[in-house]
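Peer 1: Below you'll find the structure I mean.
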Amino acid sequence: MDEAMQSGMVEFYEATAEPLTRQCVSTAFAMVGGVRSGTSVLDVAAGPGGLSVAAAEAGARVRATDLSPAMVARLSQRLGPYANCTAQVMDGQALDVQDGAFDAVFSMFGVVNLPDWRQGLRELARATRAGGHGCISTWTDPRGVGPVPILVEALRTTFPEVALFPPDGEGVTLLRSPAVLQTAMGAVGFEDVEVREVEVIWTGPSLEAFVADRDRLYGFMPGYAALTPADRDRLAPALRRAAQNRGPDGSVRVVSTALVAAGRRVPLCAGGDSPLGL
Ligand SMILES: C[S@@+](CC[C@H](N)C(=O)[O-])C[C@H]1O[C@@H](n2cnc3c(N)ncnc32)[C@H](O)[C@@H]1O
């Protein structure tokens, strides 16, 4: 992806995905006992910074990290006004931070997606001070989030051969179960792990505006991006059918479920059994 495409992607994410993921932030903050003035926060795979900016607004000292330099550029810009808040390119599987350096370590819809999600989770625990908290989130069904299920349904009827996304990774597949999520957090050294469901609501514009906006809404999704302009036009009636009657008063609305898991870091990882290979 060239530079212009990367910053287009950041802009798109901030405008369309962040309003969804941000709906989990207040739950995440409550589950770690609150984020307030002086709390040291590490945000792993922070994206453009939905959680990081909320933590900064609460007065926390935030280190926001992401593998994408374009995301980090946007993070730096948004965190600029806040004292003691910085952004840095970092791989979630190999965090360049000291052991136990943070009161609260978050990775919203982040570590679960990493190729080595187990290592990402271990790194999250390593960065959390004993008695501090770690918190991650994931979708119960990534294909059911925001405007995605409408496209999935429209493609199924019009172009059944088109695969919208590559298959889900192992972390996303395993951790969509609250029980497995809880076990995974426990296995890396968090205790009293709680998992909460958060209902995340996407409300689109009117039906007509939604169909007209299809290239912007879906242009970054590989299956849609590969369609020719003529095929996209062929898809429009199926999108209209899939979108109608989803919300009250003719609006387009999708409700999905996120899982937010948080626990307190124990001083030392207990040895013995290692569930899930963690
Ligand atoms: C689904 S977004 C989540 C963004 C944000 N946490 C949120 O809740 O909106 C996943 C992010 O993971 C980042 N990412 C992908 N691989 C990564 C890695 N190995 N280490 C750190 N971040 C990574 C991507 O650049 C992207 O910003």
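Peer 1: Report the one residue of PRO222, LEU121, MET90 whose Cα lies farthest in the direction of the positive end of the charge dipole of segment 3-266 (charges on C-beta: Lys and Arg +1, Asp and Glu -1; origin at the Cα centre).
Peer 2: Of the listed residues, the answer is LEU121.
Peer 1: Evaluate the distance, in nm, between pseudo-label points positioned 7 Å from the Cα of ARG143 and of MET1 along their respective Cα→Cβ axes.
Peer 2: In this crude label model, ARG143 to MET1 measures out at 2.3 nm.
Peer 1: Right, something else. Please compute the per residue accessible area over the chain with all protein chains in place, 1.4 Å probe, rounded to a whole number of Å².
Peer 2: 45
Peer 1: If you roll a 1.4 angstrom probe over the protein chains with everything in place, what fraction of the accessible area of the chain belongs to carbon and sulfur, to the nearest %?
Peer 2: 51
Peer 1: Quick one: work out the % antiparallel among DSSP beta bridges in segment 3-266, nearest 5.
Peer 2: 55
Peer 1: Measure nothing but the geometry: give the 0 to 90° angle between the long axis through the Cα atoms of 69-79 and the longest principal axis through the Cα atoms of the chain, rounded to 10°.
Peer 2: Approximately 70 degrees, to the nearest 10.
Peer 1: Let's see if you can work this out: charge +1 on each Lys and Arg Cβ, -1 on each Asp and Glu Cβ, no other charges. What is the dipole magnitude of the chain about its Cα centre, in debye to the nearest 20?
Peer 2: Roughly 380 debye for the chain.
Peer 1: Only helical DSSP H runs with n ≥ 4 go in: add -39500 (n - 2.57) per run for the chain, normalise by residue count and round the 222 nm mean residue ellipticity to 500 deg cm²/dmol.
Peer 2: -10500 deg cm²/dmol
Peer 1: Additional query: What does the extension gain come out to for ALA101 and PHE220, with contour length at 0.36 nm per residue minus their alpha carbon separation?
Peer 2: Once the chain is fully extended between ALA101 and PHE220, it gains 39.2 nm.
Peer 1: Grab the other residues whose beta carbon is less than 9 angstrom from that of GLY263, score K and R as +1, D and E as -1, and report the net.
Peer 2: -1
Peer 1: Taking the Cβ of ARG36 as the center, what net charge do the other residues with Cβ under 13 Å away carry, scoring Lys and Arg +1 and Asp and Glu -1?
Peer 2: -1
Peer 1: Here's another thing I want to ask about it. Assuming 0.36 nm per residue, please report the length gained on full extension of the stretch ARG196 to ASN245 beyond their Cα-Cα distance.
Peer 2: Additional length available on full extension: 14.8 nm.
Peer 1: If you don't mind, there's one more thing I want to ask. Determine the relative contact order of segment 3-266: mean sequence separation of Cα pairs under 8 Å and six or more apart, normalised by residue count, in whole percent.
Peer 2: Once normalised by length, the contact order is 21 percent.
The values are calculated or read from the model by the stated rules, or taken from the named source; none is laboratory data. All values derive from a computational prediction rather than experimental measurement. Counting neighbours? That spans all protein chains shown, and the Cβs are built from the backbone with ideal geometry, glycine included. Accessible surface areas use protein heavy atoms only, side chains included; no ligands, DNA or RNA. Shrake-Rupley method; radii C 1.70, N 1.55, O 1.52, S 1.80 Å.
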